[in-house]
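The values are calculated or read from the model by the stated rules, or taken from the named source; none is laboratory data. Not measured: the values here are computed from a predicted model. Reconstructed Cβ throughout: ideal geometry from the backbone, glycine too, with neighbour counts over all protein chains shown.
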Amino acid sequence: MRMKLLTYSSFASPGIQPGEVEQILAKSRANNARDAVTGLLMFNGAAFVQAIEGPVAAVDHLYMRLVNDPRHCQISRHDDLALERRIFDEWTMGYVQINGGWLEGQYDVADALAREMPDSVRKLLMSMANTLPFE
Ligand SMILES: Cc1cc2nc3c(=O)[nH]c(=O)nc-3n(C[C@H](O)[C@H](O)[C@H](O)COP(=O)(O)O)c2cc1C
């Protein structure tokens, strides 16, 4: 089955309530388990970054739902790539919240970044995590 990986960033819509992200996640995980979609969602209180991967049709359908979701805005797509092996294969939707420099669930960040992935995807995740590569 052909698979793809898609990443985007967006901003939480004004007036989003605390707790709404938990609802989004619960729904996402149920839908994604059904649709064989896996991925990672990062949120810093203002912006989202998400990677979604799985069968081409499932990922494309999900992206269509996402761009029409009024809970976020200014959606900009980054990667849209064919994928041979999943990056986040055991996460129906891994979640990392970043608050004021403190990483909640930082093991997930380390876990996420330790995986093999295209450079462009790593760059996007790192820009959200505000982690600089040690060069
Ligand atoms: C930041 C963000 C991330 C989301 N991630 C997913 C996701 O991974 N999977 C999913 O099914 N829905 C996700 N959603 C929700 C979808 O936009 C949409 O509301 C939902 O898929 C509709 O599901 P339903 O047709 O079962 O009601 C996300 C929404 C937001 C705002």
**OP:** Out of Val121, Val56, Val49, report the one residue that is of a type in the set (Val, Ile, Thr), within 10 Å of the ligand (Cβ to nearest atom) and surrounded by 13 or more Cβ atoms within 10 Å (Cβ to Cβ).
**Re:** Val49
Original post:
With the range 37-135 as the region, which strands (runs of 3 or more DSSP E) entirely inside it contain at least 2 residues that are in contact (Cβ under 8 Å) with a residue 24 or more places away in the chain and charged (D, E, K, R)?
Top reply: 72-83
**OP:** Could you tell me whether any residue of the range 68-80 is basic (Lys, Arg), at pLDDT 95 or above and within 8 Å of the ligand (Cβ to nearest atom)?
**Re:** yes
Subject >> Residues that are of a type in the set (Asp, Glu) and more than 8 Å from the ligand (Cβ to nearest atom), drawn from the range 14-45 >> reply: Glu20, Glu22
Subject >> Residue that is surrounded by the most Cβ atoms within 10 Å (Cβ to Cβ) [pool: residues in the range 7-17 that are out of contact with any Lys or Arg (no Cβ under 7 Å at 6 or more places or on another chain) and under 26 Å from Arg85 (Cβ atoms)] >> reply: Thr7
Subject >> Of the criteria (1) near the ligand (Cβ under 8 Å from one of its atoms); (2) over 23 Å from Tyr107 (Cβ atoms), which one Tyr8 fails >> reply: (1)
**OP:** Please give the number of the condition Leu25 fails out of (1) within 21 Å of Met117 (Cβ to Cβ); (2) touching a residue at least 60 places away in the same chain (Cβ under 8 Å).
**Re:** (1)
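Yes/no matrix, rows are residues, columns are (1) farther than 19 Å from Lys4 by Cα; (2) not β-branched (Val, Ile, Thr):
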| site | (1), (2) |
| --- | --- |
| Val49 | no, no |
| Ala58 | no, yes |
| Trp102 | yes, yes |
| Met117 | no, yes |
| Leu124 | no, yes |
**OP:** Give the residues of the range 18-46 that are of a type in the set (Gly, Ala, Ser), more than 18 Å from Met126 (Cβ to Cβ) and surrounded by 14 or more Cβ atoms within 10 Å (Cβ to Cβ), sorted by residue number.
**Re:** Ser28, Ala36
Subject >> Those residues of the range 31-47 which are closer than 21 Å to Leu113 by Cβ, touching a Ser or Thr at 6+ places or on another chain (Cβ under 7 Å) and aliphatic (A, V, I, L, M), in sequence order >> reply: Ala47
